[in-house]
Structure formats: structure tokens, C-alpha cells
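Report on one structure; see the data block that follows.
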Amino acid sequence: MSRLTLGNVVKVAGVLVFLPLLAYLVLVIGAVRKDLRTALEGLLYAGAFSTAVFVLDPWGPPALLALTAMGASGVRSWHLRDLWLPARPRWWKRVPAAAVTVLEAVRTQRTLPVAGSEHLPSAVAWTRRHADRNRHRLPGDAHRTVLHICQVLDSVIAAEQREPTGDPRFEYELDAVTREYLPAVLRSYLAIPPSRRQERQPNGRSPDEELTEQLRILSGQADALDASRHRRLTADLSTTGNFLRDKYGHRQLDASDSPVR
């Protein structure tokens, strides 16, 4: 694999031109790649550098803070090079695109489950128990909606652990809905005193209406993750079939057309 491509050369040249702003590089990488964790990490380096340069005295300890932020951002940018400096196979190692697709499909089946996925079932179980324990405090069909979301997430997580998709974006969305968004919505609502749950908020909705709306959105997202996984598996099977037909189908036709002696 080689990173010596025109696009990567241009990116590195841009970094060198704007070297004094190196502390912002990780933030830019996270924003461009839409990677929340990387963006938050980059925001830390950028904030430290900005504070040292624009708020504090640019000499003495603040200068050390600015240099530290630049150095840390530079090191992390190198660690994150796969996000912004993608490698490509050398020309003598390249294989046809169809073959790459099949190889990637086989490799995906052998990969380990997404990091942290072993904790996802326990997160769903916690949400289900919390909803059951407080079912009489939830408005309307909120309890039923939470159970539906948990059922769909359990199905997707089990399938993902058996055969990981290898899609970082899919894995991130599944992890976020399961361990962050759904538990946070439930906790936030239950933390509101019962006497205040009918009060209108600045957005015109009461906490009861807000909970119902957010659960509706999360239910749609869980269903979308389930549908996305099924579409991916179907597409992978079709791609493998097309490759096999192109590679071996004509041999079977030749064999069937040959005369019997």
C-alpha cells in the first residue's frame, strides 16, 4: 500500500503552508470526515492553542501550551492518517474491482465484532428494565415504543455480532442509538418532576410531547438500521453472484456445449 498520491501530496503541502495552525488539523479532520470523537478531540487542541495565543500572553507558559497543542495535534494527525491520507495498493498488486469486492466480503465475515459491541446488549437490557420499572410514569404509548426500539436493536446487534458489516458509520450509529441517545432520552424525561411534565417549553412542546417525538425519531432510526443491514447483505450476495457468474459461468457453458465421446 502506498500513500504517495497526488491528493495526499496536496494535503501535506497545505499542512506545511499553514503549519502555524497545526493545532486545528485534528478538528478539521474530524469535521470533514464527520467523526464526532475525532472532532471533539481536535476541539480540545484547538481550544488550548486559541486560549494560549489569543487570550493569554503569547510568551512564557502560554507559548508552551500553544506548542504542546500543536505537537499533540500533529502526532494525533499522523495516528489518524487513514482518515485523511488514504493509501492505495501499488499498481503491481492491484486486482480487478469485482475480485476486491468478493475478497472484502469474505474478510468482513471473518472480522471480529465492532469494538465495544459486547456491551450493547447490556445497554439495551438496562433501557428495557428502566422502562419497565417506570412504565406508569411514561405517557401514552411511550413504554410500548421503547420496547419496540429495544427489540429492533437487539435483533440488529445479534446479527452484527454474528456477521459484522465492517461499516464504521453503521457501527457508530448503532452504538450511539443504543448506548447514548435512547438511554439519555429516557433518563432526561424521568428526571423531570411529574408536576412539570405538562408545562409548555420555549419550543411549544411539553416534556410529554417531546418524549413522544424523540422516541418516534429513535424508533425510525432503529428500523432504518435494520433495513440498511438487510439491504447491505442482499447487495453483497448479488455482487458475489455477479462475480462468480462472470468468472466461472462461461466455463460451465463451454463444458455443456462440448460433444460427448
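The values are calculated or read from the model by the stated rules, or taken from the named source; none is laboratory data. Note that the structure is a prediction, hence the values are computed from the model and not measured. All Cβ positions, glycine included, derive from the backbone under ideal geometry; neighbour counts span all protein chains shown.
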Exercise. Which condition does S50 not pass, out of (1) loosely packed, with under 12 Cβ neighbours inside 10 Å; (2) modelled with pLDDT of 85 or more; (3) of a type in the set (S, T, Y), if it passes all the others?
Worked result: (1)
Seminar exercise, completed: Within the range 17-64, the residues that are over 25 Å from W84 (Cβ atoms) and outside any helix (DSSP H, G or I) are L56, D57, P58, W59, G60
Exercise. Given the structure, is S77 outside the structural domain of A159 (by TED's automatic domain parsing) and either modelled with pLDDT of 50 or more or closer than 25 Å to V32 by Cβ (or both)?
Worked result: yes
Exercise. Can Q201 be described as surrounded by fewer than 19 Cβ atoms within 10 Å (Cβ to Cβ), over 25 Å from H119 (Cα atoms) and of a type in the set (S, T, N, Q)?
Worked result: yes
Exercise. Only one residue in L211, L225, L244, L186 is surrounded by 11 or more Cβ atoms within 10 Å (Cβ to Cβ), at pLDDT below 85 and assigned to a helix (DSSP H, G or I). Which one?
Worked result: L244
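Among the listed residues T178, T239, which satisfies the condition of being outside the structural domain of R37 (by TED's automatic domain parsing), farther than 19 Å from T127 by Cα and surrounded by 11 or more Cβ atoms within 10 Å (Cβ to Cβ)?
T239
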